[in-house]
Structures are given as C-alpha cells and as structure tokens.
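Here's the structure, in structure tokens; my notes come after.
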Amino acid sequence: MKIGNNSLKFNGVYIKDSSTAVGPLESAGPLKDYFDYRFPDLYCNADSWEKAEINLVKTCIDDLIKKTNLSDTEIDFIVGGDLNNQDAVTNYAVRDYNIPLLGVYSACATSAEAMIVASSLVDSANAKNIIVTSSSHNATAERQYRNPTEYGGARPDSATFTVTGAGTCLITNQKSDIKIESATIGRVLDAKQKDANDMGSAMAPAASQTIKVHLEDLGRSAEYYDLILTGDLSSVGKPILIDILKEQEIDIEHNHNDCGLLIYDRKKQNVFAGGSGAGCSSAVTFGYIMSMLRENKLKKVLLVATGALMNPIMIFQKESIPAIAHAVSLEKI
Amino acid sequence: MNYEEIIKKHQLKPKYFANGLKSFVCGGMVAIVGQLLLELYIKLGIGEDEAGSLMITTVILVASLLTAFGVYDKLGQFAKAGLAVPVTGFANSMTASALEYKKEGMLLGIANNLFKLAGAVIVYGVVSAYILGIIRYLFMGG
C-alpha cells in the first residue's frame, strides 16, 4: 500500500533465508565470517571476469534454493540485476533455472530496487516466493566503467573499490523472523558532481533525500531505527550525508553506517575510500545484517542502497553524475 | 537545499605537493635507469643510436613484464605521474589493454582494444609532429 509521497507499506512480506558469495579481498575483511561462500581468487573458478561474476550469482542462488528447500516451480520469479551492460551477468546466471526473470537496474542501488519490486509482488499476492539477487565484480566494473585492471594510472583517495560479491534472498509471504516492513522508492537527484572517481559526493544528496522522504512518509524520527545503513557512500559520502541531514534537523550521526565502510578494513586493506557496487550492499545486508537481526543484535534496520547512475558516455559528454537511493525497512519479529 | 557547499566542505583535496614530489623522484629514477642502461649498451660496443633504441626497448619490456605480473598498477598508484609520463606508462597502457581483452579473442579483443588508452597519445603525437614539421619547413626550409 502506498503511504506518503514515495513510500510503500507492506503487510506480510518476509525474508525466508539468504545466501552470499564474495571474492578474495572481502574474504579477508572484517565481515568474512558472515559470508556463505568465499572465493580465494577473482576468477571464482571461471576463465573470465564476467563468468566469475556469473559463478558468484549462481553459487548464491543454488545455495538459497538448497537452504529454503523449494523447487523451481515453487519459486515464482527471480528479480535482480548487476552493473554490467544489459544486466549481462544476471541474465546469463539465471538461464539454467526454470524460473521467470525480471531484470532491474539502479546501479549500486539495484539490491534495494530488486527487494522493493519483489516485496510489492508478494504484498499484492501476485507471487508467493521470489528470489532477489544483485552482484558486482571488481574487474568487470573496472573494465566497463574505468580502465583495464592492470593499468597503472594512479587513482585518488576519494575513489571507491568495487566489491566482488553477490547476495540473494528469498522474499516470501510465509511468516519468518525477518519482515520487510516498508520501502521508499528514490528520486533521481543530480547534485552536479562530475568526478567519476568520487561517487560518495555524487550519491550522498540522493541518500539524504530518500532518508528524509522515508521518515516523513512513515511519520518516524531517525531514532526509530537501530541502524540506517547506506550502500556505498564511502568515507567521503558519509560525513556529507550526516551534514546534509543535520541541516534539515535529522540526526543520524549515532545510528548511521555504510556497507562500503563495513566490508573492508580501510587501515589494512588498500581500498581507497571504501567498498562500492551492487554486490556491496547485498552481500553486507544478506550476510552480516541478516545475522545481526537473527541474533537480536539489531531490531530495526533501514537499508538505503545508493546508486551513482554513472554512464561513461555521458561523462565523456561532460555531463554530471545523477544518483538514486532506494530504502527498505527490515524488522526482526 | 544547497548540496554543493556541504559537499565541497568534505571533499578530499588532492595532495598536489606530495604527489608532485613522488612523481618527480620516481620519474627521475626511471630516467636514471634509462641513462645507465644507455651507457652500459654503449660500453658494450653498441653504436649510440642503436643503444638508444635498445634502451627504450628494454624499459618497455620491463614495464610490460611488471604489468603482466600485476605489479605495475601498484607501483603506479605510489609513483603517480612518475610512472605514467615516461615510456613505461605507454607500455603499461598497451599491455594492460591487451591483457584485459585477451578473452574476447586476438582480433576483436586484443587488436581492437590495444590502443584504447594509448591511441590518444599516438594520434596527437602524429598530429603535433605534422604541424611542427610544416612550421619548421616554412620557417627553416626543412
């Protein structure tokens, strides 16, 4: 049901289970124990970067199907996307399953967009079980958005490091201990940032807008949530977000964190301003956050997945980088 | 809402001086290695012109090998422009492209993308040489 300007309130939408798979650097990071599969190298048992990312997604989906004990016919749809052109990885990853696909794209906010689409379908009784997936791979993102992986040009400290990882979950109408309670669909916001090596600055305003709209639509204050978790604002975007919201009298200083800052140890790992990518928010949410909710260490979490809608062609045409943020509220029952 | 003001307040400023110093020292070291190689080749009895070509080829080979072993990008991150401006940067950009597009095949992958980064250097190198050549011809008669 629509609530307020841009939000949806769900009734009876739950996460049954989840699965995550990550690459080598994430497997060495502080959240390593929360991921289901850890690949020791970037190739993930494949012979190209794209096939490696496909393997990450398939590993998660296979594991999720096994965990939830559902057959292909019991799963209504797969909703998901990735950062590759034409959503290539998701399309190829699901070709071996006998399940219909809805491909979605919101850059690194794809994870939350897929959850919102799936939750709406379940909420409206158009589906009972939906697999949600999103992924990214450091090398596929590098070659598509930036330079060849071995190129030696120096990158500035504001750059982010694309996470190699995939996250899936099963959204269902059957009651479980984790509820998808509400969501807010983000508006595209262009803060006139042009630096493709500084996505945090481009995305923080969009995140602030979505958080503000979400709280207004649902009539809540920021303290309602134990954790407001942005996707990949990095060390540059985090203080910008906090400051923008402070100016609008919303204080999230004590309950805000960022998936990109959680997944790596920036002191020991050379990841510039932090992690990014559609796999960053999904691996952290479906791995770490799910565990925290299950263990009652968190009760109410607002995931605000952030996406810099960066297109290399538009950047070459001197355009700025629009951004989007979608919010999903998760509650432990 | 004035986002730009808040963004500017938190944006990281490039460390121009430190980066410049690193570039200067590292770029200088590449030049010293080149000079030492040149003198070594001359000492070995190779003519000055041939020794120059041989020196450049050696530096390109080393840069390409370092790229292939996955070391060059880490060195480049430290040395900034110091490794990008010398011929090593050019070699790296071509080797990195060749490696990156190997999977798409010899023709459509490697051959099509080899000059993806280096192409601009070649195009403007040839164009500026052409223009300067004309100017030289007009004013100095060749």
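The values are calculated or read from the model by the stated rules, or taken from the named source; none is laboratory data. Source: prediction; values computed, not measured. Positions of Cβ are backbone-derived with ideal geometry, glycine not excepted, and every protein chain shown enters the neighbour counts.
Give the residue that is surrounded by the most Cβ atoms within 10 Å (Cβ to Cβ), with candidates limited to residues of region B:1-39 that are over 21 Å from the mean Cα position of the chain (by Cα) and of a type in the set (S, T, N, Q).
Filtering first and then ranking leaves B:11.
Go through A:276, A:282, A:291 for me and flag whichever is crowded, with 24+ Cβ neighbours inside 10 Å, closer than 20 Å to residue A:33 by Cβ and small (Gly, Ala, Ser). Walk me through it before giving the result.
On the way: A:276 fails: closer than 20 Å to residue A:33 by Cβ; A:291 fails: crowded, with 24+ Cβ neighbours inside 10 Å.
Result of the check over A:276, A:282, A:291: A:282.
Consider region B:89-117. How many of its residues are under 11 Å from residue A:151 (Cα atoms) and of a type outside the set (D, E, K, R)? I'd like the intermediate steps shown before the answer.
Here is the first cut: in region B:89-117, the ones under 11 Å from residue A:151 (Cα atoms) are B:89-100, B:117.
Among the residues that remain, those that are also of a type outside the set (D, E, K, R) are: B:89-99, B:117.
Qualifying residue count, region B:89-117: 12.
For region A:199-234, which residues satisfy the criterion of being out of contact with any helix residue (DSSP H, G or I) (no Cβ under 6 Å at 6 or more places or on another chain) and facing another protein chain (nearest Cβ under 9 Å)?
If the condition is that a residue be out of contact with any helix residue (DSSP H, G or I) (no Cβ under 6 Å at 6 or more places or on another chain) and facing another protein chain (nearest Cβ under 9 Å), then A:202, A:209 are the ones that fit.
What number goes with the only condition from (1) at pLDDT 95 or above; (2) more than 16 Å from the chain's Cα centre (by Cα); (3) away from every other protein chain (no Cβ under 11 Å) that residue B:141 does not pass?
(1)
What pairs come up if the first residue lies in region A:147-176 and is in the same structural domain as residue A:34 (by TED's automatic domain parsing) and over 24 Å from residue A:134 (Cα atoms), the second is of a type in the set (Phe, Trp, Tyr) and crowded, with 24+ Cβ neighbours inside 10 Å, and their beta carbons are under 9 Å apart, counting only those six or more places apart or on different chains?
Every condition considered, the pairs that remain are A:150/B:72; A:151/B:72; A:152/B:72.
If you go through region B:1-57, how many residues are assigned to a loop (DSSP other than H, G, I, E, B), within 30 Å of residue A:248 (Cα to Cα) and either among the basic types (Lys, Arg) or away from every other protein chain (no Cβ under 11 Å) (or both)?
Going through region B:1-57 one residue at a time, the tally reaches 1.
Being surrounded by fewer than 16 Cβ atoms within 10 Å (Cβ to Cβ) and at the interface with another protein chain (Cβ under 8 Å from one of its Cβ atoms) is true for just one of B:70, B:89. Which residue is that? Working first, answer last.
Numbers: B:89 fails: surrounded by fewer than 16 Cβ atoms within 10 Å (Cβ to Cβ).
Just a single option satisfies the conditions, and that option is B:70.
Residues checked against (1) buried (at least 23 other Cβ atoms within 10 Å of the Cβ); (2) basic (Lys, Arg); (3) more than 19 Å from residue A:141 (Cα to Cα):
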residue: A:18; (1), (2), (3): yes, no, yes
residue: A:21; (1), (2), (3): yes, no, no
residue: A:35; (1), (2), (3): yes, no, yes
residue: A:51; (1), (2), (3): no, yes, no
residue: A:72; (1), (2), (3): no, no, yes
residue: A:84; (1), (2), (3): yes, no, no
residue: A:94; (1), (2), (3): no, no, yes
residue: A:110; (1), (2), (3): yes, no, no
